[in-house]
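Student: One structure follows; several queries about it will come next.
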Amino acid sequence: MAQEYKKPLPVIDADYKPYWDAAKRHELVQYRCQICGDFSPIHYPITGCPKHGRSKMEWTKVSGKGNVYTFVVFRMLFDPAFKDEIPYNVAIIELAEGSLLMSNIVQCKNEDIKVGMPVEVVFEDVSEEVSLPKFKPAP
């Protein structure tokens, strides 16, 4: 972490602290039902398992592998904190375990990103408390 991180950081509350603690260890976790084994369909978990409720959910380590489900490249400035990033991408990743996770594709030119492209998680340590999961093209 060479420079001060100037973009907005996530709010780490009690519900999502296990997620951010895992990310700091460079592990990707998702919310999963202890009864049926289903993962929450979207990250962050909304209400838990539709069949069994939130009380039966737990954070579970996942592979970090997936595919680009969809993406957009921002070429216009919407937030001054991102002025040095234009153009930048925001992607929805469909993890191998089935959850959808919003992130960025790194180590790849924006014009080379394709829907369906295989990707794998990497972590960007942006502060003492926060490591952000990003995705790079998978071999």
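The values are calculated or read from the model by the stated rules, or taken from the named source; none is laboratory data. Keep in mind it's a predicted model, so treat the numbers as computed, not measured. In this analysis, Cβ positions are derived from the backbone assuming ideal geometry, glycine residues included, and neighbour counts consider all displayed protein chains.
Student: If I filter segment 100-118 for residues that are over 29 Å from Asp38 (Cβ atoms), in contact (Cβ under 8 Å) with a residue 40 or more places away in the chain and surrounded by 14 or more Cβ atoms within 10 Å (Cβ to Cβ), do I get at least one hit?
Tutor: no
Student: Please tell me if Glu97 is acidic (Asp, Glu), closer than 20 Å to Lys136 by Cβ and in contact with a Phe, Trp or Tyr (Cβ under 8 Å, 6 or more places away or on another chain).
Tutor: Details: acidic (Asp, Glu): yes; closer than 20 Å to Lys136 by Cβ: yes; in contact with a Phe, Trp or Tyr (Cβ under 8 Å, 6 or more places away or on another chain): yes.
Yes; evaluated as a whole, the condition is true for this residue.
Student: Would you check if there is a residue in segment 13-28 being hydrophobic (A, V, I, L, M, F, W, C), modelled with pLDDT of 90 or more and out of contact with any Leu (no Cβ under 9 Å at 6 or more places or on another chain)? Outline the logic, then answer.
Tutor: Of the residues in segment 13-28, the ones hydrophobic (A, V, I, L, M, F, W, C) are 14, 20, 22-23, 28.
Subsequent filtering for residues that are modelled with pLDDT of 90 or more retains 20, 22-23, 28.
After this cut, where a residue has to be out of contact with any Leu (no Cβ under 9 Å at 6 or more places or on another chain) as well, the list is 20.
The answer is yes, given that some residue of segment 13-28 is hydrophobic (A, V, I, L, M, F, W, C), modelled with pLDDT of 90 or more and out of contact with any Leu (no Cβ under 9 Å at 6 or more places or on another chain).
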